[in-house]
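The values are calculated or read from the model by the stated rules, or taken from the named source; none is laboratory data. Computed from a predicted model, the values in this text were never measured in an experiment. Cβ: placed from backbone, ideal geometry, glycine included. Neighbour counts: every protein chain shown. When the accessible area is computed, the model is the full protein with side chains, heavy atoms only, and any ligands, DNA or RNA have been set aside. Shrake-Rupley method; radii C 1.70, N 1.55, O 1.52, S 1.80 Å.
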Amino acid sequence: MEKRLAYAALLPVLLLTLRVLPLPSGSPNGSGGVGGEGKTLPPPASRYVVRFLEYRRAAEHREYLDGGLRGAALAASWRWVERRNPAAAFPTDFAVLEIRDAHREAVVAAVRALGRVRDVHADATYSRSVLSASDRPPPGRGKLFTAMSFEGEEEGGEMANSSSGTWGRRLLLQKSQVTSLFGAERLWGRGFTGKKVKMAIFDTGIRADHPHFRNIKERTNWTNEDTLNDNLGHGTFVAGVIAGQDAECPGFAPDTEIYAFRVFTDAQISYTSWFLDAFNYAIAIGMDVLNLSIGGPDYLDLPFVEKVWELTANNIIMVSAIGNDGPLYGTLNNPADQSDVIGVGGIDYNNHIASFSSRGMTTWELPHGYGRVKPDVVAYSRDIIGSKISTGCKTLSGTSVASPVVAGVVCLLFSVIPEDKRKSILNPAAMKQALFEGASKLSGPNMYEQGAGKLDLWQSYEILKNYQPRASIFPTMLDFTDCPYFWPFCRQPMYAGAMPVIFNATILNGMGVIGYVKDQPLWQPSEDIGNLLSVHFTYSDVIWPWTGYLALHLQVKDEGSQFSGIISGNVTLTIYTPTAHGESSPRTSTCVLYLKVKVVPTPVRSKRILWDQYHNIKYPSGYVPRDSLNVHNDILDWHGDHLHTNFHILFNMLRDAGYYIEILGSPLTCFDASNYGTLLMVDLEDEYFDEEIQKLRDDVIHKGLGIALFAEWYHVDTMVKMTFFDENTRSWWTPITGGANIPALNELLAPFGIALGDKILTGDFSINAILNSWNDGSRRRKDCSLW
């Protein structure tokens, strides 16, 4: 087996897994003994993933742990869990241990102290629910299959495989043959059908004798159930969209080699360790493309996230659904929100963004930075026809079916490149470049709804057939006068004296898995007046795997305080990749990013509002509950609480009223209050330094700063009731605050003799006859603290 590519990108985070499903009886994939021998530990006991610094045979890892934990006090407190699956034939980088709860801290500490151990994490439970888009399960409780809606289906959500039917049914079939809508026949006619492309489908399995598939190469089971078959239908449907050969529900690449990874049980449960083993096996046997129609908000689930990085670093193109949590913003699911993964959003047949499709921006970077553009592309996601569990066709909707549409296209495009050149030319960045540059931008949605735009198979083919490895930036141009695509930047012009405007662009390096920015990026204005714009850059120290970021920090210089007009120019940067095997010099590529902004004279103070983003905390860095207590199926505050995510309607309302809103991503000591009429503080969860409290007092009393403060509920008894037991960590989790941190806000307000209470009111309310319906944009019910 080829040696895995090493990497060193680590995130200093608090891993919080909110899983509430019980462990199944027995061991996932097998059993083992106490300290290497013995029987199953008596309950209560929990399972942990131990990650090592290098790949070795499982027996070597086991022997090492036995030696390191040989003390008599620990010998009976842990058990090696044997994993009997296809990955056992290859070296591994992790182990699964069952540890008695009574000795958990001591055993985990002893394991972490061992020199070859990287870290230890709970073996988290992942759950899947097939629900309508209006009845979602609580995000955060496992990585969820993105929910599917069943609108427009016939015969209980399934269609019989028959050529006869009503006119309405024929119309639905015609509309839903997504292969025709994207023109797959044109590539089929040129002999491209996905031959010799290895497609990994991580789902619920598939039946070996299914008549819709001509090339099922391998089926593997990673669960604790003794079956390879799909008993739920989801995996079969996904496979059909990608590689089905039935005339009524054809797939995009019928000759693709299908590798079905059954990673979910019939009870729709999975574990981190099952995914890690399956991912390792996909790397070991050299998959080309991988579809993963699951997602969740926990982008700090390190074992999962970092294994995805390793997977793509090994030149596997991953396609994943962006999520069904729309129309709310800031609702992107992981792993589709990762820059190395092709994240797919959904549209309907009128080229409108599907209401259920999750919206950007990414929220990894908040509260101190700014998110990236996602989804990457959008594809049809309503009434898509795919294979039924044993025979026949049915329709489903959701981004979980838009994902295999794109995965099928990727397989078809993969087969365009001659087989002997594929691995040297094709990689996750190169495929993204072909999809981005070929996509057609839709006229209505903004970039955080559609990404690069609607998938265009033929245009991507035209780009890819003559592709030469290079680097690029997405988006390729930043035209802040182009609305609505460049919302929110096009909604507010720039002016002198404002907080920096940050745009987070993505670097795609098709030249190699590792790359670097050669020199400092250069801003070159088109005219001398462009020197009024100050452009500073931050960017990835290492572009890995295949992707990185380029953040532009834009400000108008003070001498431009009276300027009104357009500033444009180019940002130029050079990417290089270290010398590859057989080459004599590094590969280099120069990227040019066009920039255009509108500038106006600095507004008067009374029209300028400063939004406090710095004191926002959200899941997954802590158990932060949602603002509204009425939302029982969505208990986590994970949408970013940003003006450009779940408060985007408030942003638009303030702009329509003539106000200019700037975002503060630093402490309250870092702004000049004389520039602003109002400091806007909404649903904040963090605490305040003494210096901030004193500074704000002086700003209000001596500089005339106004404060508009909106705080959601804070009630200790209610918080206690929201406590739940996490089976993965065998511990109780209590919210770190309420909808807002009222005690901290009261400390901030104390110099003014003001305090907020803890009484909870639910319903509609108004302030000066203005209905308060800002939060999330889709509800008018609020739980508020009174003062």
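Worth pointing out:
- 13 Å beta-carbon shell around GLN492, net charge (K/R +1, D/E -1): +3
- Solvent-accessible surface of segment 181-245, taken per residue with a 1.4 Å probe and all protein chains present: 38 Å².
- Backbone HN-Hα couplings from phi across segment 654-671 [Karplus 6.51/-1.76/1.60, Hz, Gly and Pro as x]: 5, 5, 5, 7, x, 8, 10, 10, 10, 10, 9, x, 9, x, 5, 7, 10, 9
- For segment 358-449, average projected area of the Cα convex hull in nm²: 8.8 nm²
- Inter-centroid distance (Cα atoms) of segment 45-61 relative to segment 533-549, Å: 34 Å
- Here the accessible area of segment 350-439 is 48 percent carbon and sulfur, with a 1.4 angstrom probe and all protein chains present.
- Value of D in µm² per second that Stokes-Einstein yields for segment 221-264, Kirkwood Rh from Cα pairs, at 10 °C (1.306 mPa s): 141 µm²/s
- ASP541 exposes around 130 Å² of accessible area when a 1.4 Å probe is run over every protein chain in place.
- The heavy atoms of TYR688 present about 20 square angstrom of accessible area, all protein chains included, probe 1.4 Å.
- Mean separation of Cα contacts under 8 Å, 6 or more apart, over the residue count of segment 580-717: relative contact order %: 29 percent
- Per residue solvent-accessible surface (Å²) - segment 366-466, probe of 1.4 Å: 23 Å²
- Using heavy atoms of the protein chains and a probe of 1.4 Å, the accessible area assigned to TYR467 is about 10 Å².
- Accessible carbon and sulfur surface of segment 655-739 relative to its total accessible area, %, 1.4 Å: 51 percent
- Average Cα contact separation per residue, segment 267-407, under 8 Å, 6 or more apart, as relative contact order %: 23 percent
- Centroid-to-centroid separation of segment 300-350 and segment 74-101 [C-alpha atoms, Å]: 29 Å
- For segment 429-546, the Cα gyration tensor yields ellipsoid semi-axes of 27, 21, 12 Å (square root of five times each eigenvalue, largest first, whole Å).
- Prolate/oblate/rounded call for segment 296-381, Cα gyration tensor, a/c under 1.5 rounded: oblate
- By the rule of a C-alpha distance below 27 Å, with chain neighbours fewer than 8 residues away ignored, the lysines paired with LYS721 are LYS143, LYS618, LYS759, LYS782.
- For segment 449-558, relative contact order (Cα pairs under 8 Å, six or more residues apart, normalised by length) works out to 29 percent.
- Shape summary of segment 455-612, radius of gyration then Dmax from alpha carbon positions: 18.2, 64 Å.
- Solvent exposure, largest accessible area first (probe 1.4 Å, DNA, RNA and ligands not counted), of TRP487, TRP733: TRP733, TRP487
- Between TYR623, SER561, GLY582, the Cα set farthest toward the positive side of the dipole of segment 544-658 (charges on each charged residue's Cβ, about the Cα centre) is that of SER561.
- Projecting the Cα atoms of VAL405, ALA471, LEU442 onto the dipole axis of segment 387-478, where Lys and Arg carry +1 and Asp and Glu carry -1 at the beta carbon, places VAL405 farthest toward the positive end.
- Segment 204-361 shape via C-alpha gyration tensor axes, a/c threshold 1.5: oblate
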